[in-house]
Amino acid sequence: SPVFTRVRAPFARAVPSEMGCCVSKSGADGQYAASNASRREEAWRRTGVVGLRDAGLKEIPNVVFSDGALRVVVKTLDASNNRLSSLPETVGALTNLRSLTLARNAIARLPRSLGTCANLRTLVLDDNRLETLPGDPAFFATLLRLKTLSLKRNALRSLPDGIGALKALVSLDVSENALVTLPSTIGRCGKLEHVDVSGNPTGNASKTEVSVSFLLPAALGFCENLASLRCDGSFVRAVPGEILTRCDRLVTLSLHGCPIDFSKLEDTPGWANHKERVKGKHSKTVAGGAMLGARGLDDGVDRREKNIAPHT
């Protein structure tokens, strides 16, 4: 009987487009990526929410700002934990933007056009490289709806006077920066309820060095809605009496780790009334059956015979 011999055909090398791994848009993966991008952009238009967290981005996709149908509906933009070093001037095109979160990036400056986002309510820029904010008063003057401004763990050395134009501001967090005070114009933020200046100024100075301090401005006393002032681990050495006497809603004044003389604090006008407010807060907490923390009835200060030792 005849013997059949199987002849193996020459090996044909597959090209990337046939393997589905071509990065060109002419390949299968390119078509898939384009399709994905199209669906993603359609979802952005439908929901008004642009989610770009943890995407390894060096810049925000231009379509967010250039697409006329998209930019007018975007209300929330979150591009946290990327590699952004700047924000384009075209961000001002997002006229209905309400929440902008760009935490954990490498942003060193803010574009002036951000001030034209008049509907912005929440701006979170934690863990970036900001050393200054726009000094033009007009930048803040148009952000009349901004309620939350979080700038913690940057490299800010000062805040511009224009911040006093934020009439709707409720919460300001500038903890762990290089600040030595807040501008006196902060007193114009009449709706301000929560302020956190903890850990200021950052650096290697010891809290026993009297030349280094963080000055709480007396103008904070004009913020009559102030309920919480956190200064833990900062160089605060005194609390102005204006804050204690005028801010009669202040129930959280946290000064743990500050180089403050408690005996002098007790002699500050308004301190006795503040203590009564704190007791009232804790009484409600206990009556409500809530568990107390490790500090017990914490009134926000560390009592020691000498100045408080610095945190390390």
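The values are calculated or read from the model by the stated rules, or taken from the named source; none is laboratory data. Note that this is a predicted model, so its numbers are computed, not measured. Because the Cβ atoms are built from the backbone with ideal geometry, glycine has one as well, and the counts that use them run over all protein chains shown. Quick note on the areas: whole protein, heavy atoms, side chains included, nothing else; ligands and nucleic acids left out. Shrake-Rupley method; radii C 1.70, N 1.55, O 1.52, S 1.80 Å.
Assorted remarks:
- Here residue 229 clears all of (1) without any contact (Cβ under 8 Å) to a residue 24 or more places away in the chain; (2) in a strand (DSSP E or B) except the condition numbered (1).
- Per-region count, segment 150-174, residues open to solvent by 10 Å² or more (accessible area, probe 1.4 Å) and out of contact with any helix residue (DSSP H, G or I) (no Cβ under 7 Å at 6 or more places or on another chain): 14
- Extreme residue, surrounded by the fewest Cβ atoms within 10 Å (Cβ to Cβ), among residues of segment 92-139 that are over 24 Å from residue 176 (Cβ atoms) and of a type in the set (Lys, Arg): 112
- Residue-level analysis places residue 201 outside the set of residues that are open to solvent by 70 Å² or more (accessible area, probe 1.4 Å) and part of a loop (DSSP other than H, G, I, E, B).
- Restricting attention to segment 107-153, the residues that are in a loop (DSSP other than H, G, I, E, B) and of a type in the set (Gly, Ala, Ser) add up to 3.
- Condition met for residue 118 (closer than 20 Å to residue 65 by Cα and at pLDDT 95 or above): yes
- Condition check for residue 104: out of contact with any Leu (no Cβ under 9 Å at 6 or more places or on another chain), among the basic types (Lys, Arg), part of a loop (DSSP other than H, G, I, E, B) and at pLDDT 95 or above: yes
- Test: residue 87 is closer than 22 Å to residue 160 by Cα and under 15 Å from the mean Cα position of the chain (by Cα): no
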